[in-house]
Structure formats: C-alpha cells, structure tokens
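Peer 1: Quick one: the structure is below, and I'll ask about it shortly.
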C-alpha cells in the first residue's frame, strides 16, 4: 500500500512537469519568434537610414522620400525597450521630424539636407549599435575645433574665434541626438550649458582672453567625457600668449640644467665619501 502511494505521488509530479513543459514551450517559441522579428526590423531600419542618408547627400529627393517613409514606418512599430531612455526616444523623434521637414522643402537647400540626413543617420546608428557607434568618430573633429579656438584666442583673433566656435557648434549639433540616445542626460546637460556659455563669450565684439582660456580648459575635459576618452595627464607645454616665447624656453632649459648639475655634484661628493670594506666572507658592505 505504501508502495502504491509513492507511485501515485511520482506519477502526479511527472504529470505536472510534463504539463509545465508543454505550456512553456509555445511561450518560448513565441519569444524566439519575437526576438527574430525585432532583429529583422532593426536591420531593416539600419539599411533604410543608410540609404536615406546616401540619397539626401546626393540630392535625390524622390528616392530619399521613399526611404524616409520606410524609416518612419519601421520606427512606429519598433520596441524601444532596452535600446534607449525617454530622452533618447524624444531626441530620435525630433531628428526624424526635422529630416522630414527638410526633405519636404525645396531641393535648393542642399546644405540643410546634408546636415539633417547626417544627424538622423548617426542617431539611428547610435540606437542600433552600442559598441563603436559612428558618432564617436567625430572626436578628432572636436579636438581640431578646440585647437583652432585656442590658437585664435592666443592670437586675439576675434573673427577666428567665432569661426572656430561655429564649426564646433555645427559638429556638436550633428552628433547631439546620437549622444543623447546613449549617454547619461546629466552629461548632455553639462555639454549644452558649456556650449551656451561659449557661444556668449564668442559672440562678444571684444573677446575676453582669460574667460575663454578658462572655458576652453573645462571644455577639453568635457569633450573627453562626452566621447568616453581618458582625460590627459598634465604635461609641460610651450608657454603661449607671450611676445617672445623663446625667452621662456631658454629660461626653463636653464633651470633644468642647473638642477641636473646640482644633482650630479651631490652624487659625486657622496660617492667620494663611500668606501668598500671587505667582510669576513669576502662580501662587500658599505660604510658611510
């Protein structure tokens, strides 16, 4: 009787396990099917955005409009869960709307087509590719812009400062939606604030060299954070902004020579005071 009871319990447990497997199996198949469909949509969106970018860069409005419609259709059915934040979705939506409006206007504005299509292409790529997105390739352009700004500031070239900042601003506005999709909103807010501050400084008729120097210093660190680069360690750089930098170079060189000479003399005197003494087993010890 006891054996029959155990057999009954065992049969009950096996039945429950089989039912659970049968119930979960369709769910697993449905989830796999959903993932496959989602992946296919992402690939199609990537392809459509790339084609849209190419046609708008070439000025082919008819083909660009077809790809624009395809992009909008895919985005409307795409699940953004796990892809980006609320801020990222908003940035992507704004970029799509700006591109559609630019495309709807006359083809006599190729520069607007170029900028908006680039911005949308980078944004969609950022949404689909977490590792090595295209927008991070703008890092070299940003560092070049900062170098031009620094050079114009040193030379007190007000026009050059404005031109360099306008170039930096255009590059930032191009990658901003893509950066919002991937980065922490607080970092984007800091960058926006810095860009606004720089714009006010560069718009002045007479530049403030000291204020610009401080802003460029903090901006360099901010750009490194924006692109995920390590902040550079402080190094000895040529002194700029002086009437004769060669005097400073010679002075610094003279200080280095004096320091090395002093160190050498001390080492030589110390060596003369040291005498080797042979120990009991032939090992040399040192007496000071």
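Peer 1: If you consider only alpha-carbon coordinates, what radius of gyration and Dmax does segment 29-129 have, in Å?
Peer 2: 14.0, 51
Peer 1: Please arrange 49, 218, 196 by how many other C-beta atoms lie within 10 Å of their C-beta, fewest to most. Intermediate results must be reported in sequence, preceding the final value.
Peer 2: Working: 49 27, 218 13, 196 10.
With the sparsest Cβ surroundings first, the list reads 196, 218, 49.
Peer 1: On to the next question. How would you order 89-95, 50-56 from highest to lowest mean count of nearby Cβ atoms within 10 Å?
Peer 2: Per-residue mean Cβ counts within 10 Å order the peptides as 50-56, 89-95.
Peer 1: Test of understanding: ordering 135, 194 by Cβ neighbours within 10 Å, fewest first, what list do you get?
Peer 2: On the way: 135 23, 194 18.
Fewest-to-most Cβ neighbours within 10 Å comes out as 194, 135.
Peer 1: Which of rounded, prolate, oblate describes segment 134-175, given a ≥ b ≥ c as roots of the alpha-carbon gyration tensor eigenvalues and a/c under 1.5 marking rounded, otherwise prolate only if a/b is larger than b/c?
Peer 2: Details: a/c = 5.25, a/b = 2.05, b/c = 2.56.
The shape class here is oblate.
Peer 1: Now, a different point. Per the Cauchy relation, a quarter of the hull surface: what is the mean projected area of the convex hull of the alpha carbons in segment 100-241, in nm²? Please list the in-between numbers first.
Peer 2: On the way: hull surface 39.8 nm².
Taking the Cα atoms of segment 100-241, their convex hull projects to 10.0 nm² on average.
Peer 1: Quick one: which of 111-117, 136-142 comes out on top by average Cβ neighbours within 10 Å, and what's the full order, highest first? Mind showing how you got there, number by number?
Peer 2: Working: 111-117: 18.1, 136-142: 15.7.
Taking the mean over residues of other Cβ atoms within 10 Å, the ranking is 111-117, 136-142.
Peer 1: Enumerate the residues in segment 129-155 having an amide nitrogen under 11 Å from the point lying 7 Å beyond the Cα of residue 167 toward its Cβ.
Peer 2: So the set is 141-152.
Every number here is computed from the coordinates shown, using simple stated rules; none is lab data. This one's a predicted model, so the numbers in the text were calculated from it and none came from an experiment. Here Cβ is always computed from backbone atoms with ideal geometry, including for glycine, and neighbour counts include all displayed protein chains.
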